[in-house]
Amino acid sequence: MRRVEERIPVTIVANPPAARVLVDGIFVGYGNVQDLLLLPGRHSVRLEHPTCAACRDTESVFVLDRDNPPRSPLRFSIGYKDATLTVTGVQGAEVIVAGVRRGRTQEALKIPMSGPEPVQVQVVVRQEGQPPRVQRVTLEAGKSHVLAL
């Protein structure tokens, strides 16, 4: 006799709530998806936000165990695109953004962003034999910025 797998109820909470939620490639709703019935095993969740220019679609994997079903909602967050910063005016100097060495001047530097809101950061440019140059700049997810020194 063939055994019928019992489905497990799952609640998925997406951040932001307007994110499209796809489970195993199938659209299941927006934001909070409650009482989704899934078979035990490995599943993928993809979050998309087609109207958010700063958002980056994300995909996560989770495993459902029949003997240990989730007791609380599964929470997933959409990602945000990097900001791009190019520092000009000085050739080949070291660029430090918010305390982290990111590369050299004249390069398009990818700066990870944690949200869609603009963030002001300190940029330090160090060139051998010169005093460091320090300036603040506002970065936005998914946008390119040029800082001329």
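Can you tell me which residues in the range 133-143 are within 22 Å of the chain's Cα centre (by Cα) and either part of a loop (DSSP other than H, G, I, E, B) or closer than 16 Å to Arg104 by Cα (or both)? Spell out how you get there, then give the answer.
Here is the first cut: in the range 133-143, the residues within 22 Å of the chain's Cα centre (by Cα) are 137-143.
Those that are within 22 Å of the chain's Cα centre (by Cα) and either part of a loop (DSSP other than H, G, I, E, B) or closer than 16 Å to Arg104 by Cα (or both): Glu140, Ala141, Gly142, Lys143.
Can you pull out the residues in the range 111-124 that are within 14 Å of Leu147 (Cα to Cα) and either touching a Ser or Thr at 6+ places or on another chain (Cβ under 9 Å) or not aliphatic (A, V, I, L, M) (or both)?
Ile111, Gln120, Val121, Gln122
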Do we have Thr84 as under 17 Å from Gly115 (Cα atoms), β-branched (Val, Ile, Thr) and not in a strand (DSSP E or B) here?
no
If we ask which residues in the range 51-80 are over 19 Å from Met113 (Cβ atoms) and in contact with a His (Cβ under 8 Å, 6 or more places away or on another chain), their number turns out to be 4
The range 128-144, residues that are surrounded by 16 or more Cβ atoms within 10 Å (Cβ to Cβ) and within 18 Å of Arg101 (Cβ to Cβ):
Arg133, Val137, Leu139
If you go through Leu109, Leu149, the only one that is in contact with a Lys or Arg (Cβ under 8 Å, 6 or more places away or on another chain) and surrounded by fewer than 16 Cβ atoms within 10 Å (Cβ to Cβ) is Leu149
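For the range 112-127, enumerate the residues that are exposed (fewer than 11 other Cβ atoms within 10 Å of the Cβ), touching a strand residue (DSSP E or B) at 6+ places or on another chain (Cβ under 9 Å) and closer than 17 Å to Arg56 by Cβ.
Step one: of the range 112-127, the residues exposed (fewer than 11 other Cβ atoms within 10 Å of the Cβ) are 114, 117, 120.
Adding the requirement that they be touching a strand residue (DSSP E or B) at 6+ places or on another chain (Cβ under 9 Å) leaves 114, 120.
The one that is exposed (fewer than 11 other Cβ atoms within 10 Å of the Cβ), touching a strand residue (DSSP E or B) at 6+ places or on another chain (Cβ under 9 Å) and closer than 17 Å to Arg56 by Cβ: Ser114.
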Residues satisfying the stated conditions in the range 125-135, i.e. closer than 16 Å to Val146 by Cα and in contact with an Asp or Glu (Cβ under 8 Å, 6 or more places away or on another chain):
Val125
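Results for (1) within 23 Å of Lys110 (Cβ to Cβ); (2) in contact with a Pro (Cβ under 7 Å, 6 or more places away or on another chain), shown as yes or no for each residue.
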site	(1), (2)
Ile8	no, yes
Ile12	no, yes
Val23	no, no
Ile26	no, no
Leu37	no, yes
Glu48	yes, no
Ala54	yes, yes
Residues in the range 29-50: is at least one within 26 Å of Gly115 (Cα to Cα), surrounded by 17 or more Cβ atoms within 10 Å (Cβ to Cβ) and at pLDDT below 95?
yes
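Can you work out which of the residues in the range 87-114 that are in a loop (DSSP other than H, G, I, E, B) and of a type in the set (A, V, I, L, M) is nearest to His43 (Cα to Cα)?
At the first step, the residues of the range 87-114 found to be in a loop (DSSP other than H, G, I, E, B) are 89-93, 98-99, 105-108, 112-114.
Add one more test, that the residue is of a type in the set (A, V, I, L, M), and what stays is 90, 93, 98, 108, 113.
Values: Val90: 49, Ala93: 46, Ala98: 37, Ala108: 36, Met113: 27 Å.
Taking the candidates together, the pick is Met113.
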Those residues of the range 81-100 which are surrounded by 13 or more Cβ atoms within 10 Å (Cβ to Cβ) and modelled with pLDDT under 95, in sequence order:
Gly89, Val90
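The values are calculated or read from the model by the stated rules, or taken from the named source; none is laboratory data. Here the structure is a predicted model, which means the values were calculated and not measured. For neighbour counting, all protein chains shown are included, and Cβ atoms are generated from backbone atoms with ideal geometry for every residue, glycine included.
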